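Peer 1: Quick one: this structure, given as structure tokens, is what I'll be asking you about.
The values are calculated or read from the model by the stated rules, or taken from the named source; none is laboratory data. Keep in mind the model is a prediction, meaning the values are calculated, not measured. Cβ coordinates were reconstructed from backbone atoms using ideal geometry, including for glycine residues, and neighbour counts include every protein chain displayed. Accessible surface is based on the protein model in full, side chains and every heavy atom, while ligands, DNA and RNA are left aside. Shrake-Rupley method; radii C 1.70, N 1.55, O 1.52, S 1.80 Å.
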Amino acid sequence: MNLEQLEYVVEIAKTQSFSAASEHLHVTQSAISQSVHRLEKELGLILFERSRQGTHPTPEGKQFIAKALDILQRIDELKSLNAEASSLTGELHVATFPSVMPYLVQSAADMKHEHPQLNISIEEKGSMEIIEDIRNNKTHLGFIAIYAKQLREFDGLHFSPMYSGKLVVGTHHLSELAKYSRVTPNQLKEHKLALYRDGFIEDFIQEFTYDHGPLSILFKTNNSEAINMVLRNDIAATIGHDFSFHQNQLWKESLVKMVEIAGIDQPKMQIGFVQTESKECAVAAERFARRFRQAIELDHLMV
């Protein structure tokens, strides 16, 4: 067993795909598969199950991967031990798209405990707003979703990818929509939707309307709790990032189901951290991002 193998299994669990892990780690899929096979043989365990829905850890695999993630995080902390010795001061403004606010709150509390002189502000916004705020020096660190094709326009910004994602329908588990595993455009038009005001969703709705006609939109909002209320009470469905639903408490309680959108070719989307390449607040932003990433990864892997 070696650290490389631990990195492989953690990345596979994060991306739910051997091929995506291969792409993110810049290692051939064959090399990753062989390495994981050797690790499973050494442990006497099956770490992953493959299906049409993706690659998922077995119950034993989840336990192993959680420990592997903890080891990798501790090594990361050791590497930054020098930097951690100094107390941080000044301002740090962090923003995220909806659904991960609990991790943001916990990360802010942990950072404030270790660095009491650091003034932290956190907020929830759409990804496009966060990018604009970072360009205007209103925000230092953002957790966003972005189309892969837009990354070449990130002059002056640094993006660290974490997950790949796509838009899906979220609906109450007893709704008519929940009967489908995939919904066609015509089927989707028959159901009411409450939508979070996000640039990606706006782009999707605009293209959908052009190609298939208008959707039945109950309302649009920048309040994620309003969307949760609609879902919990089966008032309407919504459209959002699959990553966001995985972090949503309603999905964890099996009250909400995710439904694939069929017949629409979605651009490749990535989810991760963005910050300015300026040196100002760089150390504080990097440390906060590491805490935030660790909180999300551990919870995500154990779902």
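Peer 1: Order the following by accessible area, largest value first: TYR8, TYR210. Probe radius 1.4 Å; ligands, DNA and RNA are ignored.
Peer 2: Numbers: TYR8 15, TYR210 190 Å².
The ordering from most to least exposed comes out as TYR210, TYR8.
Peer 1: In Å², and per residue, what accessible area does the chain have when probed at 1.4 Å with the other protein chains present?
Peer 2: Working: 15360 Å² over 303 residues.
On a per-residue basis, the chain sits at 51 Å².
Peer 1: A further question follows. Rounded to whole Å and sorted largest first, list the principal axis extents of the Cα atoms in region 173-303.
Peer 2: Result for region 173-303: principal-axis Cα extents of 50, 34, 25 Å.
Peer 1: So, taking all protein chains as they sit and a 1.4 Å probe, how much accessible area belongs to ARG38, in Å² rounded to tens?
Peer 2: Its accessible surface works out to 130 Å², give or take rounding.
Peer 1: Where the accessible area of the chain is counted over protein heavy atoms with a 1.4 Å probe, how much of it, in %, is carbon and sulfur? Before the final figure, lay out each step's value.
Peer 2: Working: 7590 of 15360 Å².
Using a 1.4 Å probe with all protein chains present, the chain comes out at 49 percent carbon and sulfur.
Peer 1: Can you compute the charge dipole magnitude of the chain about its Cα centre, using +1 on each Lys and Arg Cβ and -1 on each Asp and Glu Cβ, nothing else charged? Give it in debye, rounded to the nearest 20. Please list the in-between numbers first.
Peer 2: Details: 31 positive and 40 negative charges, 99 e Å.
Computed charge dipole of the chain: roughly 480 debye.
Peer 1: Which whole DSSP H helices in the chain pass both tests: a Cα extent of 15 Å or more along the axis and a mean Kyte-Doolittle value no lower than 0.0? Kindly include the intermediate steps, with their values, before the conclusion.
Peer 2: On the way: long enough: 3-15 (18 Å, 0.18); 29-43 (21 Å, -0.66); 59-79 (31 Å, -0.38); 101-114 (20 Å, -0.42); 199-212 (19 Å, -0.41); 282-301 (28 Å, -0.22).
Counting only whole DSSP H runs, the qualifying helices are 3-15.
Peer 1: Given a cut-off of under 8 Å on Cα pairs at least six residues apart, what relative contact order in percent is computed for region 144-220?
Peer 2: Details: 39 pairs, mean separation 20.5, N = 77.
Reported as a whole number, the value is 27 percent.
Peer 1: Figure the gain on full extension for LYS62 and MET101 (residue separation times 0.36 nm, minus the Cα-Cα span) and round it to one decimal in nm.
Peer 2: Numbers: separation 39, 0.36 × 39 = 14.04 nm, distance 2.41 nm.
The span from LYS62 to MET101 would gain 11.6 nm if fully extended.
Peer 1: Here's a follow-up. Pairs LYS192/LYS257; LYS62/LYS179; LYS125/LYS166; LYS14/LYS220; LYS14/LYS192: which are spaced more than 23 Å apart, C-alpha to C-alpha? Walk me through the numbers on the way to the answer.
Peer 2: On the way: LYS192/LYS257 16 Å; LYS62/LYS179 29 Å; LYS125/LYS166 18 Å; LYS14/LYS220 31 Å; LYS14/LYS192 32 Å.
Correct reply: LYS62/LYS179; LYS14/LYS220; LYS14/LYS192.
Peer 1: Next question, about the same structure. With a Förster radius of 30 Å, plug the Cβ-Cβ distance of SER19 and ASP76 into 1/(1 + (r/R0)^6) and report the FRET value to the nearest 0.05. List each step's numbers first, then the result.
Peer 2: Details: r = 25 Å, r/R0 = 0.84.
After rounding, the FRET efficiency stands at 0.75.
Peer 1: Quick one: compute the contact order of region 103-183, relative version, from alpha carbon pairs under 8 angstrom and 6+ residues apart, as a percent.
Peer 2: It rounds to 14 percent for region 103-183.
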